[in-house]
Amino acid sequence: MKAVYLDNNATTRVDPAAVAAMLPFFTEQFGNASSMHAFGSEVGGAVLKGRRQLQALLGAQFDHEIVFTGGGTESDNTAILSALETQGARNEIVTSAVEHPAVLALCAWLEKSRGVKVHYIGVDARGRLDVAAYRKALSPRTAIASIMWANNETGTIFPVEMLAELAHEAGALFHTDAVQAVGKVPMNLKETAIDMLSLSGHKLHAPKGIGALYVRRGVRLRPLIRGGHQERGRRAGTENAPGIVALGVAAELAQQHINDENTRVRAMRDRLEQGLLQRIGNSFVAGDVDNRLPNTANVAFEYIEGEAILLLMNKAGIAASSGSACTSGSLEPSHVLRAMKVPYTAAHGAIRFSFSRENTDEDVDHVLDVMPGIIARLREMSPFWDGKNAGQSGFAPTYA
Ligand code: PLP
């Protein structure tokens, strides 16, 4: 049976070129990058190369603005916790209601355990940030504003460059979780006011367990992990040389493919989305259709459960993910779709299809072939579907 992987926002396959590049760093080039002998210096050179490859992808001014970490979650935690320490008496955070748990769970903990005030800025029905509310929340008490570049569930892109400038007007630092945007959206950080940016290797065809935090020169960083002097004292622990080498190669490949991402990948995504909406009634796209990542489609199928859809899709060889997370036995729809006020009847049936450059037109054909049957079958069994509601969407946001 054909296997179709459309869950690239969850994780990506490591590019074979990245695997090939990292392998020698497990064997012949096993040295510690900080050692003073040839084994070490070779590895040190490879780490520097990886840093420069990432610098190029981000358009950072200096290679030392890249701090390697263990992934996106660590980068997000480092940025926010550091700002609370370096920003004097400022002890408030401005973030959005639709961030990844890597930011939201940290903020919840800071509120509870440290009495930090967190402003969660809402979004509209398309998932667009309420910029007026953001502006209002910024104050001389704001230590940091942390707003994601692109949403992992809907792909909606936030105007981070403008948001960074607004944060600076209030004297606050600006951090962006760009885990989903890096490699998909062209970046030139040296021309922005962004102070810190998080990225993760496994979202761009590099391995899991390696990521980076961009820290603009001049921005003070308090390390999250203390120990040795690696990464100029900003992140202790022996460098993950194989991971860094692979991330560097992946960054270079992402840069080479960024146009492809914005044309071929976008065209596949659009064909899937339009094909689904044409074939299946009572379905709509969640997210800002005019300003989204090129690879992400979040399609809500009303009156059925996302988990059931995923199970049947899995049987048909298709891997995607649902907007809802199963917590303690109760199925709560995703916080992102709830923030967009998508009704429960639709949010429960939301499926995220996320492409990568490895997908093909045949993948799209296969999904379009099997999805109408899956949805029809589940609706027949759904207590919420009586046929009468067919054609009348309970939500149907109008997209101009
Ligand atoms: N931020 C966003 C927007 C993500 O999508 C993810 C991964 O799902 C993370 C952070 C966490 O990254 P990592 O898995 O590298 O810790």
Handout entry: Listing of helices (runs of 4 or more DSSP H) fully contained in region 62-144 that carry 3 or more residues being more than 15 Å from the ligand (Cβ to nearest atom) and farther than 22 Å from residue 169 by Cβ
Key = 101-114
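Within region 353-369, which residues are closer than 17 Å to residue 316 by Cβ and within 20 Å of the chain's Cα centre (by Cα)? Don't jump to the end; show me each part of the working.
Of the residues in region 353-369, the ones closer than 17 Å to residue 316 by Cβ are 353, 359-360, 362-369.
Answer for region 353-369, where residues must be closer than 17 Å to residue 316 by Cβ and within 20 Å of the chain's Cα centre (by Cα): 353, 359.
Just give me the residues in region 103-122 being among the aromatic types (Phe, Trp, Tyr) and touching a residue at least 24 places away in the same chain (Cβ under 8 Å), in sequence order.
Applying the first criterion (among the aromatic types (Phe, Trp, Tyr)) to region 103-122 yields 109, 120.
If the condition is that a residue be among the aromatic types (Phe, Trp, Tyr) and touching a residue at least 24 places away in the same chain (Cβ under 8 Å), then 120 is the only one that fits.
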Practice task
Output the number of residues of region 281-323 satisfying the condition of being open to solvent by 10 Å² or more (accessible area, probe 1.4 Å) and over 16 Å from residue 347 (Cα atoms).
Solution key: 11
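Restricting attention to region 216-237, does a residue exist that is small (Gly, Ala, Ser), under 21 Å from the mean Cα position of the chain (by Cα) and open to solvent by less than 20 Å² (accessible area, probe 1.4 Å)?
Checked region 216-237: no residue is small (Gly, Ala, Ser), under 21 Å from the mean Cα position of the chain (by Cα) and open to solvent by less than 20 Å² (accessible area, probe 1.4 Å).
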Problem - Which listed residue is within 21 Å of the chain's Cα centre (by Cα) and not polar (S, T, N, Q), from 106, 110 - result: 106
Completion exercise
How many residues of region 270-299 are under 15 Å from the mean Cα position of the chain (by Cα) and among the small types (Gly, Ala, Ser)? The answer is 2
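Taking the options 76, 7, name whichever one is of a type outside the set (Lys, Arg) and open to solvent by 10 Å² or more (accessible area, probe 1.4 Å).
Numbers: 76 fails: open to solvent by 10 Å² or more (accessible area, probe 1.4 Å).
When all the criteria are applied, what remains is 7.
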Practice task
Evaluate the following for residue 51: is it away from the ligand (no atom under 16 Å from the Cβ) and surrounded by fewer than 22 Cβ atoms within 10 Å (Cβ to Cβ)?
Solution key: no
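The values are calculated or read from the model by the stated rules, or taken from the named source; none is laboratory data. Not measured: the values here are computed from a predicted model. Every residue, glycine as well, gets a Cβ built from its backbone with ideal geometry; the counts of neighbours run over all protein chains shown. The accessibility values were calculated without ligands, DNA or RNA, using every heavy atom of the protein model including side chains. Shrake-Rupley method; radii C 1.70, N 1.55, O 1.52, S 1.80 Å.
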